[in-house]
Amino acid sequence: MTAEAETLKESDLIARHDMRFVTVADFQSLAAFDLKADERLVTDLTELNKEYAFFLPLAGYEKTVMYPERPADLKATEKMGQLFDLIRERNDLTKPEDIHELNVFLTRLLFCFYAEDTGIFEEGQLTSTL
């Protein structure tokens, strides 16, 4: 049955009509392809209710795509955490609103670093100021 779905997936009719899903069933099992997400589902029809997430795009809900963490992102996160700890350690930040203001400050600082890296700010504008 998967072979039939593969054949159907490659047909001109599917490409011409820009179809998202290709589904083949034999009254006992189901094979389906999500062509946009490049995913495949093969299941017994009795177990289909457990695989509802595969068909969420039909209801207008897209699946979340998770990307692996990059070492630079992990390093930046660690550095921001160290900065938070250092500022908190060297200042009297006992009230919840003080912690909130520190979080807002660090969020803005992170945006500024991002803006410098992506060209929103001039190269070196933030880092040379700091």
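The values are calculated or read from the model by the stated rules, or taken from the named source; none is laboratory data. Quantities reported herein were computed from a predicted structural model and do not represent experimental measurements. Cβ: placed from backbone, ideal geometry, glycine included. Neighbour counts: every protein chain shown.
Would it be correct to say that residue 78 is assigned by TED's automatic domain parsing to the domain that holds residue 9 and surrounded by 10 or more Cβ atoms within 10 Å (Cβ to Cβ)? Write out each step before concluding.
Numbers: assigned by TED's automatic domain parsing to the domain that holds residue 9: no; surrounded by 10 or more Cβ atoms within 10 Å (Cβ to Cβ): yes.
So residue 78 fails the test.
Any residue that is closer than 30 Å to residue 122 by Cβ, over 27 Å from the mean Cα position of the chain (by Cα), at pLDDT 90 or above and part of a helix (DSSP H, G or I) - is there at least one of those in the stretch 81-93?
Initial filter on the stretch 81-93 (closer than 30 Å to residue 122 by Cβ): 81-84, 86-87.
Still in the running and over 27 Å from the mean Cα position of the chain (by Cα): 86-87.
From what is left, the residues that are at pLDDT 90 or above are 86-87.
Next, from what is left, pick out any that are part of a helix (DSSP H, G or I): 86-87.
Scanning the stretch 81-93 turns up at least one residue that is closer than 30 Å to residue 122 by Cβ, over 27 Å from the mean Cα position of the chain (by Cα), at pLDDT 90 or above and part of a helix (DSSP H, G or I).
Of all residues in the stretch 8-44, those being out of contact with any Asp or Glu (no Cβ under 9 Å at 6 or more places or on another chain), within 23 Å of residue 59 (Cβ to Cβ) and among the polar types (S, T, N, Q) number 1. Residues of the stretch 53-72 include at least one that is more than 30 Å from residue 2 (Cα to Cα) and among the aliphatic types (A, V, I, L, M). Each residue in the stretch 55-80 was checked for being part of a helix (DSSP H, G or I) and among the polar types (S, T, N, Q), and 1 pass.
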